[in-house]
Every structure is written in structure tokens, then in C-alpha cells.
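Following: one structure in C-alpha cells, then a few remarks.
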Amino acid sequence: MINTIEDLLQLEDRQIQLLLRELESENLAIALISASTNLQIKIFANMSERAIDAIKNDMTKHMGIEKNKIENQQSEIIKIANSLFDSESWPFE
């Protein structure tokens, strides 16, 4: 089960790709604003160059956004991730 946005680091690339298909790019960009560099790298490694550029542009556009809005987007991503994968699909417990 994912409890924090940083728990996404433990997902396999295939799982990240499945998750990315379920997310709105602008919401992902907001969630990544306060994410670790390692998480950003992992997410970007599973995206096309064009998609990365769009996310980075959205991140720049939303810099300075309120912390609670970032946390809300991160919580939504966690909910989506947890609904996508049952406990047997997770690489960790």
C-alpha cells in the first residue's frame, strides 16, 4: 500500500506507466512540485520527451502554489495508485 507520494519510488516501471495513464498531466505536475528529485527522475523515465516537457512547463507555471493544493494532488495520486494495484501486485508490503 502506498502511504506517501515517495512510496511510488518502490513501484516497477510497468506499474508507473499504468499509473501515469490514469493521471491528468497538470495534476501530476502539481504533485511533483514538492516531490524528491529521485521520484521526479523515476516518473520522467517512464514518459516521452514531449510529455516530460509538458509536465515541466506545468510545474513551472504552478510554482508558488499553496502547499495544501500540492498535498491534495499527491493524495489523489496515492488513492489512484492504491485502487489500481491490489496487495499481490505491489513489490513491497
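Pick from Ala51, Ala31, Ala81: which residue has the top mean-square fluctuation in a GNM of the chain where Cα pairs under 10 Å get a spring?
Highest fluctuation among the options: Ala51.
Leaving ligands, DNA and RNA out of it, report the carbon-plus-sulfur percent of the accessible area of the chain at a 1.4 Å probe.
With neighbouring chains kept in place, the figure for the chain is 46 percent.
On average, how much accessible surface per residue is there in the range 1-89, in Å², for a 1.4 Å probe, leaving out ligands, DNA and RNA?
So the range 1-89 comes to 61 Å² accessible per residue, rounded to a whole number.
Just from its helices, what would the mean residue ellipticity at 222 nm be for the chain, if runs of 4 or more DSSP H residues each count -39500 (n - 2.57) and the sum is divided by every residue, rounded to the nearest 500 deg cm²/dmol?
The helix contribution divided over the chain gives -18500 deg cm²/dmol.
Starting from the Kirkwood radius over alpha-carbon pairs of the chain, derive D by Stokes-Einstein at 4 °C in a medium of 1.567 mPa s and give it in µm² s⁻¹.
Taking Rh from Cα pairs, D becomes 98 µm²/s.
Using unit Cβ charges (K, R positive; D, E negative) and no other charged atoms, how large, in debye to the nearest 20, is the dipole of the chain about its Cα centre?
The dipole magnitude comes to about 320 debye.
The values are calculated or read from the model by the stated rules, or taken from the named source; none is laboratory data. Because the structure is a prediction, the values reported are computed rather than measured. Here the Cβ is made from the backbone with ideal geometry for all residues, glycine too, and neighbour counts use every protein chain on show. Please note that ligands, DNA and RNA were not included when accessible areas were found on the heavy atoms of the full protein model with its side chains. Shrake-Rupley method; radii C 1.70, N 1.55, O 1.52, S 1.80 Å.
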